[in-house]
Amino acid sequence: MNIKKEILFRVRIAFIIIAIVSIAIIYSIIDLQFNQGEYWESKSKDINLSYLKIKASRGNILSDDGSILATSLPFYKVAFDPSIPSEELFINKVDSLSYLLSTFFKDKSKNLYKNILENSRKNGNRYLLINRRKVDYQEKKIISQWPIFRDGRLKGGIIFEKIDERYRPFSKLGYRTIGSVDENNRGTVGIEYSFNSYLTGEDGEALHQKIAGNYWKPIYDGTEKSPKNGYDIFTTINVNLQDITEHVLLKGLIRNDADYGCVILMDVETGDIKSISNLSKNENGNYVEVYNYAIQGMHEPGSTFKLASLLAYLEDSNSSIFDSIDTGEGEMKFYSEIMKDHKPGGYGKITIKEVFENSSNIGIAKMIDNQFKDEPENYLEYLNNFGFNKNFDFQIFGSAIPSIKSVNDSAWSNLSLPWIAHGYEIMLTPLHTLSFYNAVANDGIYVNPRIVKEIRRANQVIKKIDNLETFKISSSNSIKIATKLLEGVVQNGTANNINNSYYKIAGKTGTTKKVLNGKYVNKYYTSFVGFFPSENPKYSCIVVIDNPKKYRIYGSDVAAPVFREIADKIFLSDKNYFKEIKSDELSISFPMIRSGYREDLINISNNLGLSNHSESENDWVKTKVIDNSIFWEGINLNSNLIPNVIGMTLKDAIYLLESRGLEVSFSGRGRVKKQTIPPGKLLKNYKKIKINLG
């Protein structure tokens with residue numbers, strides 16, 4: 001065979017093989033499509049079937065009176081199986097349904113919705129997500145009555161897929177304490193996180209089929225397992241008291257331009273937390289709740305810790321509070337360091353009572369160092385017995401544990417005892433400090449702070465959380481003395497600016513320098529902690545305001561007024577305790593200085609001994625009163641407008657109005673109560689003005 005014939009032969013063989021393979025492929029395609037189609041379609045369905053979870057509804061978080069603080073509300077995705085409605089039903093009603101979808105969702109025209117529905121039915125789609133927007137229960141009821149959909153899931157093809165979303169009726173009130181949930185409905189912080197295992201419930205499951213568009217369509221074949229919803233958490237939080245503390249704290253933070261602040265209010269007898277408020281300034285200058293300083297914010301407590309030192313001293317010695325302590329001239333050397341009192345020149349020789357009321361650092365440090373320097377572990381044991389120990393436990397996850405040095409620590413030195421005595425070289429949260437003061441208010445009985453009291457399913461109590469583990473922190477006699485000294489702080493001492501004659505407050509101020517890069521700087525952590533009414537304590541409370549940036553830097557000027565305002569509002573709202581007091585009786589009386597010429601008003605205030613501060617260099621000012629001090633605010637006087645003379649003396653009002661070319665007449669006596677032409681009107685339109693005094 002020559003070469004040419006051999007090549008032709010091989011080409012023919014290759015062609016025949018290719019033809020046979022092609023015919024085989026075509027046959028396989030035809031066989032797969034027509035003969036085995038149903039078999040593989042059923043296999044595909046089996047592969048795309050899966051049991052998926054049905055999320056349980058998360059339990060509720062409720063206040064002390066059963067008001068809902070956090071709950072899960074049902075929302076629904078609206079989907080449709082366009083293959084289910086009959087031909088007649090679909091054709092007759094698709095126009096009406098398309099119109100209703102368009103007017104309800106307002107994202108597509110009627111014709112576009114109609115095209116989507118018709119194309120989905122034509123293409124055999126079994127699942128069409130109508131709109132990504134979720135609807136609530138009331139909207140679901142409305143949609144259920146629309147044409148086609150009103151025939152239900154089995155005949156009309158409507159599919160409502162339930163999705164729970166967390167809802168807080170009181171918005172951001174107590175946000176960090178109540179907590180939040182993530183996209184998977186799991187708690188992230190606060191009570192939501194700490195009691196997540198109870199709130200979550202038990203998920204169910206149901207058979208779902210995966211269809212076009214990567215959607216899963218539920219198939220209700222009777223094998224589904226119903227979910228068990230989560231338990232309800234009953235807290236001790238009182239909504240009204242939470243609102244009071246949060247509102248007053250916000251005012252105090254704004255007034256002092258502080259970085260952050262917190263308030264805890266506790267029921268003395270039970271240890272129940274009635275409110276926890278935490279607010280800090282964000283980058284936009286607004287105050288929001290992003291961190292729970294009350295239970296996590298560790299800080300040197302400062303002078304509020306002097307009560308613990310005093311109580312240890314009373315328990316360990318036979319001294320009287322009328323015994324004298326020489327505090328020197330405001331500075332005293334303890335070993336290698338100088339300690340100072342905040343009063344220039346010092347207090348000299350004063351009683352223990354005066355040491356505490358005036359918050360003398362030197363006096364307290366000297367008392368504790370003299371009493372315990374040979375056996376400092378005895379002092380630390382008292383602190384342990386007062387509740388400042390590693391056993392401190394709170395129901396919210398992440399709460400800190402007191403940090404107090406031991407004599408065995410490498411950092412312990414001779415300086416440790418006098419510095420711990422007045423609230424340094426230790427780290428506490430506001431909750432630690434308040435729990436100790438609450439024990440003093442409770443006749444020396446320490447109760448663990450509690451924020452959750454019951455776990456329920458419907459009306460069935462699953463778990464009751466009682467404060468059964470209580471202990472006595474000291475003798476009743478020492479507690480009585482400590483209470484009197486705390487009352488003295490408010491009546492005679494550093495917090496006398498919040499004293500009142502309607503009910504007694506017992507408490508202690510605290511001012512601590514902040515540490516920056518390992519050094520104490522002139523930034524301050526201010527606090528006030530105490531209880532009221534002190535003769536029969538109902539509530540204990542702590543207020544912390546960090547880094548006030550105006551001229552007020554002490555706890556007495558910054559934190560104590562916030563405490564007083566909270567106490568006043570609670571005083572008025574508690575009908576069981578305070579029945580006959582009117583709100584205007586609680587306001588601090590003050591001379592009637594409203595507005596006028598700045599220099600004259602400053603001279604009058606100085607002669608009367610009234611604290612006053614200028615926030616403006618304007619000649620004409622109006623006044624506001626904050627914490628027993630007067631503040632002058634400038635009045636912006638536009639020479640083309642009628643000035644505001646309300647509150648001025650007759651002399652000032654006439655001078656100001658006549659200097660604008662107005663003819664002034666007046667009636668009555670006193671200060672200007674009314675002017676016939678409102679301030680801000682164009683001056684050129686008027687020649688005469690009348691003012692009424694009263």
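Tally the residues that are buried (at least 24 other Cβ atoms within 10 Å of the Cβ) and among the polar types (S, T, N, Q), restricting the search to region 516-532.
Of the residues in that region, 2 qualify.
Which one of Tyr193, Tyr127 is of a type in the set (Ser, Thr, Tyr), under 22 Å from Pro227 (Cα atoms) and in contact with a strand residue (DSSP E or B) (Cβ under 6 Å, 6 or more places away or on another chain)?
The unique qualifying residue is Tyr193.
Is it fair to say Asn240 is at pLDDT 90 or above, part of a loop (DSSP other than H, G, I, E, B) and more than 21 Å from Lys463 (Cα to Cα)?
Here the answer is no, as Asn240 does not meet what is asked.
Any idea which of Lys688, Lys622, Lys673 is of a type in the set (Lys, Arg) and modelled with pLDDT under 75?
Sole residue among the options that is of a type in the set (Lys, Arg) and modelled with pLDDT under 75: Lys622.
Please enumerate the residues belonging to region 382-403 that are of a type outside the set (Phe, Trp, Tyr) and over 28 Å from the mean Cα position of the chain (by Cα).
Within region 382-403, Leu383, Asn384, Asn385 meet the criteria.
Can you pull out the residues in region 262-279 that are in a loop (DSSP other than H, G, I, E, B) and either touching a Pro at 6+ places or on another chain (Cβ under 6 Å) or not charged (D, E, K, R) (or both)?
Val268, Thr270, Gly271
Please enumerate the residues belonging to region 288-331 that are more than 12 Å from Ile364 (Cβ to Cβ) and in a strand (DSSP E or B).
Result: Val288, His299, Ser324, Asp326, Glu331.
List pairs: first residue in region 85-98 and free of Cβ contacts under 8 Å to residues at least 40 places away in the same chain, second residue outside any helix (DSSP H, G or I) anywhere in the structure, Cβ distance under 8 angstrom, at least six positions apart or on different chains.
Cβ pairs passing all conditions: none.
So which residues in region 440-478 are of a type in the set (S, T, N, Q) and over 26 Å from the mean Cα position of the chain (by Cα)?
Scanning region 440-478 gives Asn442, Asn459, Gln460, Thr470, Ser474, Ser475, Ser476, Asn477, Ser478.
Suppose we keep only residues that are surrounded by 15 or more Cβ atoms within 10 Å (Cβ to Cβ) and more than 17 Å from Ile158 (Cα to Cα) within region 88-123. Which one would you say is farthest from the chain's Cα centre (by Cα)?
Checked region 88-123; the qualifying residue farthest from the chain's Cα centre (by Cα) is Lys110.
Could you list, in sequence order, all residues of region 356-387 that are of a type in the set (Gly, Ala, Ser) and either in a loop (DSSP other than H, G, I, E, B) or touching a residue at least 40 places away in the same chain (Cβ under 8 Å) (or both)?
Correct list: Ser359, Ser360, Ala365, Gly387.
Say whether the condition of being on the phi > 0 side of the Ramachandran plot, in the same structural domain as His342 (by TED's automatic domain parsing), touching a residue at least 40 places away in the same chain (Cβ under 8 Å) and surrounded by 17 or more Cβ atoms within 10 Å (Cβ to Cβ) is met by at least one residue in region 420-435.
Within region 420-435, one or more residues are on the phi > 0 side of the Ramachandran plot, in the same structural domain as His342 (by TED's automatic domain parsing), touching a residue at least 40 places away in the same chain (Cβ under 8 Å) and surrounded by 17 or more Cβ atoms within 10 Å (Cβ to Cβ).
Against the condition touching a residue at least 60 places away in the same chain (Cβ under 8 Å), closer than 29 Å to Asn385 by Cβ and either of a type outside the set (Lys, Arg) or in a loop (DSSP other than H, G, I, E, B) (or both), how does Ile233 come out, does it pass?
no
Look through Asp393, Asp443 and report the one residue that is closer than 23 Å to Phe234 by Cα and not in a helix (DSSP H, G or I).
The conditions single out Asp393.
Here's a check for you: in region 229-240, which residue that is crowded, with 24+ Cβ neighbours inside 10 Å and of a type in the set (A, V, I, L, M, F, W, C) is nearest to Asp267 (Cα to Cα)?
Only one residue fits best here, namely Ile237.
Give all pairs with beta carbons closer than 9 Å in which a residue from region 175-197 that is within 21 Å of Ile54 (Cβ to Cβ) meets a residue that is assigned to a helix (DSSP H, G or I) and acidic (Asp, Glu); count only pairs at least 6 apart in sequence or on separate chains.
Listed pairs, sorted by first residue: Val181/Glu192; Arg186/Glu192.
The values are calculated or read from the model by the stated rules, or taken from the named source; none is laboratory data. Predicted, not measured: the structure shown is a model, and the values here were computed from it. Quick reminder, even Gly has a Cβ in these numbers, built from the backbone with ideal geometry, and neighbours come from all protein chains shown.
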